[in-house]
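Chemist: Once you've had a glance at the structure underneath, I'll fire off some questions.
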Amino acid sequence: MSDKPAIKARENGPFVAKHIRRMKGPDGEDIEVKATMALCRCGQSGSKPFCDGSHEKAGFRSDGGEPAGKDKLLSYEGAEVAVTFNPRICAHAAECGRIAGHVFDPEQKPWIQPDKGTRAEVEEVVAACPSGALALKRADGGREHRMMERYDITVEKNGPYWVQNVTSPAGAQAEGMSPEKYVLCRCGLSGNKPYCDGTHRDEGWTAE
């Protein structure tokens with residue numbers, strides 16, 4: 001039996017995470033992991049991030065809804081480096097603006113301008129992007145997702161699960177999606193379940 005970290009999604013129920021090595025809580029604390037854990041994805045549990053069965057009372061459904069953001073791979077060219085972006089995958093973690101807001105700025109058009117920063121800054125942002133919505137564009141037209149040292153699962157405060165190097169509960173549901181890093185919905189509101197589509201931000205969802 002494989003002990004590779006993996007997450008499965010129960011129909012109308014929680015995520016079942018197995019063999020997770022490290023998990024980080026929303027306030028930066030280490031969460032004690034067990035061989036098998038049921039993680040809330042309905043947004044209603046009283047013991048978040050763990051499931052307490054509230055999905056049944058809430059009538060949570062693991063399907064339906066319209067995904068936010070177009071499933072379209074956009075390209076932003078620079079003299080030294082080019083970046084691709086798919087709005088469908090973006091979870092609005094805003095790591096790009098935090099690290100290099102002069103390059104990744106929604107108030108400018110186009111919102112990504114690689115030549116306003118260094119190649120190193122752009123590469124750092126791509127690595128930090130938890131959803132994999134951002135990738136480096138290679139000279140041959142292919143894409144490269146960078147990784148950074150991170151917990152298997154990071155619980156974003158009032159946001160989704162950031163997951164890295166864990167087998168996903170579903171296949172790619174958008175063009176250019178990385179199988180190695182992705183974000184899973186935990187508010188129950190995403191139209192792109194099991195993945196996050198940023199609806200938690202639009203709806204002002206909190207984990208309280």
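The values are calculated or read from the model by the stated rules, or taken from the named source; none is laboratory data. Given the structure is predicted, the values throughout are model-derived calculations rather than measurements. Here the Cβ is made from the backbone with ideal geometry for all residues, glycine too, and neighbour counts use every protein chain on show.
Chemist: Would you point out which residue out of 62, 45 is among the hydroxyl-bearing types (Ser, Thr, Tyr) and in contact with a Ser or Thr (Cβ under 8 Å, 6 or more places away or on another chain)?
Modeler: None of the other options fit; the residue is 45.
Chemist: Of all residues in segment 121-142, how many are under 19 Å from residue 195 (Cβ atoms) and free of Cβ contacts under 8 Å to residues at least 60 places away in the same chain? First the steps, then the outcome.
Modeler: Here is the first cut: in segment 121-142, the ones under 19 Å from residue 195 (Cβ atoms) are 126, 128-135.
Keeping just the survivors that are free of Cβ contacts under 8 Å to residues at least 60 places away in the same chain gives 126, 128-130, 132-135.
Residues flagged as under 19 Å from residue 195 (Cβ atoms) and free of Cβ contacts under 8 Å to residues at least 60 places away in the same chain within segment 121-142 amount to 8.
Chemist: List the residue pairs whose Cβ atoms are under 7 Å apart, where the first residue sits in segment 39-64 and is closer than 14 Å to residue 185 by Cβ, the second is in a helix (DSSP H, G or I), and the two are 6 or more positions apart or on different chains.
Modeler: The qualifying pairs are 42/54; 42/55; 42/58; 44/54; 44/55; 44/58; 45/54.
Chemist: A further question on this structure: Name the single residue that is farthest from residue 17 (Cα to Cα) among those in segment 157-172 being touching a residue at least 40 places away in the same chain (Cβ under 8 Å), out of contact with any helix residue (DSSP H, G or I) (no Cβ under 9 Å at 6 or more places or on another chain) and surrounded by fewer than 22 Cβ atoms within 10 Å (Cβ to Cβ).
Modeler: Among them, the one singled out is 157.
Chemist: List every residue pair whose Cβ atoms sit under 9 Å apart, with the two residues 6 or more apart in sequence or on different chains, where the first one lies in segment 9-22 and is closer than 15 Å to residue 42 by Cα and the second, anywhere, is modelled with pLDDT of 95 or more and acidic (Asp, Glu).
Modeler: 12/56; 13/56
Chemist: OK, next. Quick one: is residue 138 surrounded by fewer than 18 Cβ atoms within 10 Å (Cβ to Cβ), more than 30 Å from residue 37 (Cα to Cα) and more than 14 Å from the chain's Cα centre (by Cα)? Give the derivation first.
Modeler: Numbers: surrounded by fewer than 18 Cβ atoms within 10 Å (Cβ to Cβ): yes; more than 30 Å from residue 37 (Cα to Cα): yes; more than 14 Å from the chain's Cα centre (by Cα): yes.
Yes.
Chemist: Here's another thing I want to ask about it. Looking only at residues that are part of a loop (DSSP other than H, G, I, E, B) and touching a Ser or Thr at 6+ places or on another chain (Cβ under 6 Å) in segment 180-208, which one is surrounded by the fewest Cβ atoms within 10 Å (Cβ to Cβ)?
Modeler: At the first step, the residues of segment 180-208 found to be part of a loop (DSSP other than H, G, I, E, B) are 180, 185-194, 196-198, 204-208.
Next cut, touching a Ser or Thr at 6+ places or on another chain (Cβ under 6 Å) only: 189-190, 193, 196-197.
Working: 189: 19, 190: 24, 193: 23, 196: 31, 197: 29.
Ranking the qualifying residues of segment 180-208, first place goes to 189.
Chemist: How about segment 31-48: which of its residues are part of a loop (DSSP other than H, G, I, E, B), closer than 23 Å to residue 201 by Cβ and of a type in the set (A, V, I, L, M, F, W, C)?
Modeler: Within segment 31-48, 40, 42 meet the criteria.
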